[in-house]
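Written out below as structure tokens is the structure these notes cover.
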Amino acid sequence: MAVFLPDEEPALSIPARVCGEAVPTAHVKSLLPERGEAFEEGSVFFTAGTAGGTGKCELSGGGRSLAIKYSRIQDPAYDQERVRSEAAKPGNTRLSLGPAEGYIGGYGASLFVGCPYAEGRKDLLAVSVAVGGISKITDSTMQVRVSALTADVARGVARDVVGCEGAADLPDSAPEIG
């Protein structure tokens with residue numbers, strides 16, 4: 001007969017890649033507790049080769065959840081200048097990954113990658129990661145962790161899922177905060 005004590009919760013078992021194999025999990029692991037309720041991956045709608053559209057992936061484990069989303073913004077008024085304006089709002093912190101720009105605010109982070117769809121259109125690919133089960137992201141450790149995962153998602157979606165022209169310009173390094 002096995003006896004489990006309350007402080008001996010099982011370790012989370014997280015695969016090497018999630019979200020339809022598009023996202024490596026090193027930074028997922030940094031945002032989820034090491035122990036607790038089992039890891040689950042749900043609502044995976046990351047389909048390679050889709051030039052337009054949206055996708056999402058929900059991850060949970062240890063009492064915390066991650067909502068990962070992407071969408072192509074086709075509104076010409078929503079450009080990098082507007083992203084910079086959003087990043088400058090009170091409570092937000094600027095985030096950049098090479099030519100991609102975005103911000104950390106509230107419970108997550110967003111990056112916007114240039115992703116032209118047709119001649120003359122300057123669409124943006126919006127990628128976001130929201131963390132559930134925490135208070136707002138204000139400390140620098142959580143900012144680094146959520147921005148690193150957002151950068152992983154931006155690279156994976158821009159390169160392997162949507163296939164944005166600007167994907168090659170996204171560095172493999174950590175994003176810049178501030």
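The values are calculated or read from the model by the stated rules, or taken from the named source; none is laboratory data. Quantities reported herein were computed from a predicted structural model and do not represent experimental measurements. We place every Cβ from the backbone using ideal geometry, glycine too, and count neighbours over all the protein chains shown. For the accessible areas, the whole protein counts, side chains as well, though only heavy atoms, and no ligand, DNA or RNA atoms are used. Shrake-Rupley method; radii C 1.70, N 1.55, O 1.52, S 1.80 Å.
In the chain, helical runs assigned H by DSSP with n ≥ 4 each contribute -39500 (n - 2.57); averaged across all residues and rounded to the nearest 500, the mean residue ellipticity at 222 nm is -5000 deg cm²/dmol.
Annotation: lysines with alpha-carbon distance below 29 angstrom to Lys29 (same-chain offsets under eight excluded): Lys56, Lys69, Lys136. Which whole-number percent gives the relative contact order of the chain, counting Cα pairs below 8 Å spaced six or more residues apart? Once divided by the residue count of the chain, the mean separation gives 21 percent. In the context of the full set of protein chains, residues of the chain present 52 Å² of accessible surface per residue (probe radius 1.4 Å, heavy atoms only).
In this structure Asp139 has an accessible area near 70 Å², from a 1.4 Å probe over the protein heavy atoms. Among (1) 16.9, 68; (2) 16.3, 52; (3) 17.7, 60, which one is Rg and Dmax of the Cα atoms in Å computed from these coordinates? Answer by label: (1).
Loop-located trypsin sites (Lys or Arg not before Pro) across the range 133-166 with a Cβ neighbour count of 16 or fewer within 10 Å are Lys136, with loop assigned by DSSP. Heavy-atom accessible area, probed at 1.4 angstrom with all protein chains present, ranks Glu9, Glu21 as Glu21, Glu9, highest first. Carbon-plus-sulfur accessible fraction, the chain (probe radius 1.4 Å, protein heavy atoms only): 51%.
Estimated from the Cβ-Cβ distance and a Förster radius of 30 angstrom, the FRET efficiency linking Glu34 and Thr54 is about 0.45. With all protein chains in place and ligands, DNA and RNA left out, the 1.4 Å accessible area ranks Thr141, Thr93 as Thr141, Thr93, largest first.
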